[in-house]
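To keep things clear, I will list the structure first and then write my remarks on it.
The values are calculated or read from the model by the stated rules, or taken from the named source; none is laboratory data. Since the structure is predicted, the reported quantities are computational estimates derived from the model, not experimental observations. Note that each Cβ is placed from the backbone with ideal geometry, even for glycine, and that neighbours are counted across all protein chains shown. In case anyone asks, the SASA skips ligands and DNA or RNA and just uses the protein heavy atoms, side chains included. Shrake-Rupley method; radii C 1.70, N 1.55, O 1.52, S 1.80 Å.
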Amino acid sequence: MVLGFCLAAVAAWMALPLIGPAGQAPQDRALPAFGAAGDDLKIVALGTSLTASSRWPDDLEAELSRCLDQPVQVSRVAVPGKGSAWALSMLDRVRDIRPDLVIVEFAINDADLMGGVSLNRSRLQHDALLSGLRDLLPAQAGILLMTTNPVTGVVRRLQRPALGSYYRQYRDLAAEHGTGLADLWPRWQAALRHARLLPDGLHPGDAAASRLIVPVLEAMIVAAYGDGQDC
């Protein structure tokens, strides 16, 4: 049984291109209007080690504060190795922060063969998570799903052979739940063709993460926040 599992994982990995489909365009979904311009802006970044251990939430906070010329707080509710099942247990914690916006990223850990869940289970848990956020947060609060980077190297890819399917599912979830989507996966694919940005095959360096993630999130958030504006 173990041998069969390993062979199936190898076959799935071998069937995939090294990084992903060439020229794939991001399929962002605009963030619906949220919050009230002029108030302190509170954001929760709800996710995995890609959120917990990276500098991008701090850099996003600084850039939004500068652009909006008002206080912005980006709080992390994120733990390395956790997936969407753990996120469901954090709903009350997120509610207590009273955020205007919640950014969600769990696809990369849900896709892990060793510690994740099936694609169908991931969908059910994300359905429950997004519905739970809607129920607990004020009506004017926003939700933004975010796809993240591919993985590189034999071991990392064997652990997540169907990662692309989990990212594509985020596109479906955003459309069905009416949330925004920052589809960073294709952007990472393009960037990885020109530079080595994942030192351990999974986690981007801080500078690379902020350079790729922050401008996309900043533009989407500023356009949807209050009356909307340009930086």
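Observations
- Of the residues screened, Ala62 is not one that is surrounded by fewer than 20 Cβ atoms within 10 Å (Cβ to Cβ), without any contact (Cβ under 8 Å) to a residue 60 or more places away in the chain and within 26 Å of Asp172 (Cα to Cα).
- When region 149-187 is filtered for residues that are touching an Asp or Glu at 6+ places or on another chain (Cβ under 7 Å) and open to solvent by 10 Å² or more (accessible area, probe 1.4 Å), the ones remaining, listed by number, are Gln159, Arg160, Tyr166, Arg171.
- Test: residue in region 135-146 that is without any contact (Cβ under 8 Å) to a residue 12 or more places away in the chain and of a type in the set (A, V, I, L, M, F, W, C): yes
- For region 102-185, the helices (runs of 4 or more DSSP H) that sit wholly inside it and include 3 or more residues that are basic (Lys, Arg) are 119-136.
- Count - residues of region 192-221 that are crowded, with 18+ Cβ neighbours inside 10 Å and over 23 Å from Cys67 (Cα atoms): 6
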